[in-house]
Amino acid sequence: MEQTPQPPIPPRDLPENAPPKPVAYDANGNPLYAAPPENAERGSSNPQVVYLSRPIEPVQPELSAEVKERHEQSRKQYPALNLSPGEFIISAVRRHPIGLFAPVAITIFLIAVFASVLINFPLISEALGFAGSVEFGPLLLIGFLMIILFAIGGYVAVWVYLNNRFFLTNESVIQELQMSLFARKEQTVSLANIEDASFDQHGIIQMLFNYGSIRLSTEGDETTYRFTYVSNPKKQIELLNNAVEAFKNGRPVEQ
């Protein structure tokens, strides 16, 4: 027996102003709608604009006579440094002289060997059995040139070593790195960006001669700076930490 399809039931007419019915409820019992009610309050579509202005000529802080004097002294003593107005050097750290032992010892050894060979060449040639077969004049010239080259190389090594310096000012830390004769690098870190400062001393030699390395880490990019062969690293770190604390707390940084 075939069933006659029933016509669809027309939706009940709702009043035009009837509020929408919620489709679900949240954990607190608040109704959830499939679409926001038409009469729901909406935020203002006009954004609030805040204007910021910066003076064309900022007011320069007034510097005391002592700060001006120390700034001028620092500029005269270290003319290559880029110091801002009112910035002065608190501590200038050079590498410990013990780091010169290796290059100086190697240079002296090589010069002594070549000089000894040239002086004792007649005896050496006679002992080896080729006396008279080698002219001494050209050999002496070559040996003399080699001694000069070794001396220049040793001087350059000492110069590069001594030109690695570390400066602490009342505003920043400046590190000059001389990697070679024609390679130089300068790094400047504001005291406000220094997060941690520490020193390391390892072994009986470093403890006996009181030298070590300084390590700085900065905020944000987490960059680490290291300066080796520092004389009395504990004292330098104390000065640095005191300067950083005073700078961050708004106190004048003093030596």
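The values are calculated or read from the model by the stated rules, or taken from the named source; none is laboratory data. Here the structure is a predicted model, which means the values were calculated and not measured. When we count neighbours, we look across all protein chains shown, and the Cβ atoms used for this are built from the backbone with ideal geometry, even at glycine.
Within the stretch 167-224, work out how many residues are in a helix (DSSP H, G or I) and either farther than 14 Å from A243 by Cβ or in contact with a strand residue (DSSP E or B) (Cβ under 7 Å, 6 or more places away or on another chain) (or both). Steps first, answer last, please.
Filtering the stretch 167-224 down to residues in a helix (DSSP H, G or I) leaves 191-193, 203-209.
Filter again for either farther than 14 Å from A243 by Cβ or in contact with a strand residue (DSSP E or B) (Cβ under 7 Å, 6 or more places away or on another chain) (or both), leaving 191, 193, 203-209.
Of the residues in the stretch 167-224, 9 are in a helix (DSSP H, G or I) and either farther than 14 Å from A243 by Cβ or in contact with a strand residue (DSSP E or B) (Cβ under 7 Å, 6 or more places away or on another chain) (or both).
Regarding G132, is this residue part of a loop (DSSP other than H, G, I, E, B) and either farther than 30 Å from L239 by Cβ or at pLDDT 90 or above (or both)?
On the way: part of a loop (DSSP other than H, G, I, E, B): yes; either farther than 30 Å from L239 by Cβ or at pLDDT 90 or above (or both): yes.
Yes: the conditions hold for G132.
Identify all residues within the stretch 227-255 that are free of Cβ contacts under 8 Å to residues at least 40 places away in the same chain and hydrophobic (A, V, I, L, M, F, W, C); write none if there are none.
A246
Could you check the stretch 218-255 and list, in sequence order, the residues that are in contact with a Phe, Trp or Tyr (Cβ under 8 Å, 6 or more places away or on another chain) and closer than 22 Å to L177 by Cα? Break it down into steps so the answer makes sense when it comes.
Restricting attention to the stretch 218-255, the residues satisfying the condition of being in contact with a Phe, Trp or Tyr (Cβ under 8 Å, 6 or more places away or on another chain) are 218, 227, 229-234, 236-237, 253.
T218, F227, Y229, V230, S231, N232, P233, K234, Q236, I237, listed by residue number.
Report, ordered by the first and then the second residue, all pairs with beta carbons closer than 8 Å, sequence separation of six or more or different chains, a first member in the stretch 215-226 that is modelled with pLDDT of 75 or more, and a second member that is part of a loop (DSSP other than H, G, I, E, B).
Here the result reads S217/T223, each pair linking the stretch 215-226 to a residue that is part of a loop (DSSP other than H, G, I, E, B).
Looking at the stretch 189-213 only, could you name the residues that are touching a residue at least 60 places away in the same chain (Cβ under 8 Å) and over 19 Å from P97 (Cβ atoms)?
Passing the criteria: only L191.
Would you mind finding the one in N232, N170, N241 that is at positive phi and not assigned by TED's automatic domain parsing to the domain that holds V104?
The match here is N232.
If F227 satisfies all but one of (1) part of a strand (DSSP E or B); (2) in contact with a helix residue (DSSP H, G or I) (Cβ under 6 Å, 6 or more places away or on another chain); (3) not basic (K, R), what's the number of the condition it fails?
(2)
Residue under question is A105, and the condition is that it be closer than 23 Å to M179 by Cβ, at pLDDT 85 or above and assigned by TED's automatic domain parsing to the domain that holds R226; does it hold?
On the way: closer than 23 Å to M179 by Cβ: yes; at pLDDT 85 or above: yes; assigned by TED's automatic domain parsing to the domain that holds R226: no.
When the stated conditions are applied, A105 does not pass them.
Give the stretch 84-102 a look and list any residue that's within 19 Å of E72 (Cα to Cα) and not aromatic (F, W, Y), or say none. Even if it seems obvious, please write down each step before you answer.
Here is the first cut: in the stretch 84-102, the ones within 19 Å of E72 (Cα to Cα) are 84-92.
Scanning the stretch 84-102 gives S84, P85, G86, E87, I89, I90, S91, A92.
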